[in-house]
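Notes follow once the structure below has been shown.
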Amino acid sequence: MTLPEPLVLVETRDAVRTLTLNRPAALNSFTTAQHVELRAALDAAAEDAAVRCVVLTGAGRGFCAGQDLSDPAVAPSTDGRAAGGIRQVIEEHYTPLVLRLQSMPVPVIAAVNGVAAGAGANIALTCDFVVAARSASFIQAFTKIGLVPDSGGTWLLPRLVGRARASGLAMLGDKLPAEEAERIGLIWRCVDDAQLGAEVQALAQRLAAMPTKALVATRATLDAAQHMNLADALAAEGRLQGELAGAADYREGVATFLAKRAPRFTDR
Ligand code: T3D
């Protein structure tokens with residue numbers, strides 16, 4: 001008896017854990033089963049102290065085409081009433097996934113190897129870094145099927161690219177090439193297709209060697225500061241510096257700076 005292919009492939013190189021969405025025939029669009037496997041893989045990475053960076057990517061020619069629209073759980077209602085299935089899928093799977101990514105105890109990189117559409121685009125944009133192949137693209141596909149951006153799109157897009165561009169991307173749902181996504185600040189970097197793996201590994205290994213707690217606190221405080229006035233942001237920064245200054249990584253950072261040697265950060 002042959003076992004079914006995993007829907008999420010898991011590979012670890014040094015301290016970098018790579019999770020690959022693995023439904024290439026459907027451009028890695030999400031089924032409930034794939035959500036469950038991804039959630040378990042992210043939880044396992046979060047709990048493994050040896051993991052210091054996570055990479056999320058897709059198998060085949062796509063990154064992720066969002067929800068699998070052939071799934072009966074998200075079938076449109078036939079009587080014009082609100083379709084509870086879609087809401088349930090969002091509340092049970094997409095919302096926890098976005099919050100899980102945003103609260104990972106290590107940095108997360110989306111290696112966007114091909115098209116990222118609908119929730120697939122916004123899941124990528126939730127990650128700390130988005131590195132995309134030049135042939136990849138981002139599509140806020142929602143309005144094309146009569147929906148609004150979800151998986152954090154309404155929150156993320158105006159923050160990343162401003163309201164005018166957010167409205168254009170979200171309402172028109174056009175394909176945004178990776179190069180343009182980099183130019184408007186939607187993603188960190190667009191690289192040649194052949195270089196994607198090497199560039200992402202280099203970034204991941206670099207992040208894995210950095211003080212993880214400080215990186216994660218930087219993410220949290222950048223997000224939190226969006227809702228604060230300057231005085232509150234300054235106070236939050238002070239509190240965090242106080243906490244981080246008590247950690248081993250700060251001792252290592254200062255000691256190695258003064259001793260002019262390379263640091264070895266261990267906190268997580
Ligand atoms: O609905 C809810 O539950 C609420 C949650 C919503 C979250 C969302 O993500 S809503 C948005 C859902 N996603 C989309 O609307 C995108 C649909 N896909 C596309 O528009 C196109 O596939 C792409 C623009 C992404 C890529 O186009 P192209 O021409 O490169 O590829 P293709 O031929 O359309 O797709 C290749 C195969 O993947 C094809 O299957 P086939 O014909 O070879 O057997 C296609 O049906 C399949 N596929 C692509 N996207 C999905 C999909 N199958 C199921 N669901 C998909 N989302």
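The values are calculated or read from the model by the stated rules, or taken from the named source; none is laboratory data. Treat the numbers as computed from the prediction; the structure is a model and nothing was measured. All Cβ positions, glycine included, derive from the backbone under ideal geometry; neighbour counts span all protein chains shown.
Quick notes on this structure:
- Residue that is on the phi > 0 side of the Ramachandran plot, in the same structural domain as Val148 (by TED's automatic domain parsing) and out of contact with any Asp or Glu (no Cβ under 8 Å at 6 or more places or on another chain), where the choices are Gly197, Gly162: Gly162
- Within the option set Arg61, Arg87, Arg17, Arg52, being within 16 Å of the ligand (Cβ to nearest atom), in the same structural domain as Ser137 (by TED's automatic domain parsing), touching a strand residue (DSSP E or B) at 6+ places or on another chain (Cβ under 9 Å) and not hydrophobic (A, V, I, L, M, F, W, C) holds for one residue only, Arg61.
- Every residue from the stretch 152-167 that is over 18 Å from Ile109 (Cβ atoms) and within 16 Å of the ligand (Cβ to nearest atom): Gly153, Thr154, Trp155, Leu157
- Residue under evaluation Leu38, criteria (1) over 18 Å from Asp128 (Cβ atoms); (2) within 17 Å of the chain's Cα centre (by Cα); (3) within 16 Å of the ligand (Cβ to nearest atom), criterion not met: (1)
- Tallying residues that are near the ligand (Cβ under 10 Å from one of its atoms), surrounded by fewer than 24 Cβ atoms within 10 Å (Cβ to Cβ) and not in a helix (DSSP H, G or I) within the stretch 117-144 yields 2.
- Filter result for Thr95 (hydroxyl-bearing (Ser, Thr, Tyr), under 16 Å from the mean Cα position of the chain (by Cα) and part of a helix (DSSP H, G or I)): yes
- In the stretch 35-47, the residues that are touching a helix residue (DSSP H, G or I) at 6+ places or on another chain (Cβ under 9 Å) and either assigned to a loop (DSSP other than H, G, I, E, B) or closer than 13 Å to Val10 by Cα (or both): Leu38, Arg39, Leu42, Asp43
- Out of Pro107, Pro96, Pro177, Pro149, one residue alone is modelled with pLDDT of 95 or more and more than 16 Å from the ligand (Cβ to nearest atom). It is Pro107.
- For the stretch 91-105, the condition of being among the hydroxyl-bearing types (Ser, Thr, Tyr), touching a helix residue (DSSP H, G or I) at 6+ places or on another chain (Cβ under 6 Å) and surrounded by 12 or more Cβ atoms within 10 Å (Cβ to Cβ) holds for at least one residue.
- Filtering Leu234, Leu147, Leu222 for residues that are of a type in the set (A, V, I, L, M) and either surrounded by 16 or more Cβ atoms within 10 Å (Cβ to Cβ) or not in a helix (DSSP H, G or I) (or both) leaves a single hit, Leu147.
- Across the stretch 73-90, the qualifying residues are those that are surrounded by 11 or more Cβ atoms within 10 Å (Cβ to Cβ) and over 25 Å from the mean Cα position of the chain (by Cα), and the one among them that is modelled with the lowest pLDDT is Ala83.
- Matching residues, the stretch 123-158, being within 16 Å of the chain's Cα centre (by Cα) and β-branched (Val, Ile, Thr): Ile123, Thr126, Val130, Val131, Ile139, Thr154
- Pairs with Cβ under 9 Å, 6+ apart, first in the stretch 125-142 and closer than 16 Å to Gly153 by Cβ, second surrounded by fewer than 22 Cβ atoms within 10 Å (Cβ to Cβ) and among the aromatic types (Phe, Trp, Tyr): Val130/Trp188
- Filter result for Ala50 (among the hydrophobic types (A, V, I, L, M, F, W, C), loosely packed, with under 14 Cβ neighbours inside 10 Å and assigned to a loop (DSSP other than H, G, I, E, B)): yes
- Filtered by the rule that a residue be part of a loop (DSSP other than H, G, I, E, B) and not charged (D, E, K, R), the stretch 237-268 gives Gly246, Ala247, Ala262, Pro263, Phe265, Thr266.
- Hits in the stretch 151-160 - residues which are in contact with a helix residue (DSSP H, G or I) (Cβ under 6 Å, 6 or more places away or on another chain) and either surrounded by 21 or more Cβ atoms within 10 Å (Cβ to Cβ) or of a type in the set (A, V, I, L, M, F, W, C) (or both): Ser151, Gly152, Gly153, Leu156, Leu157
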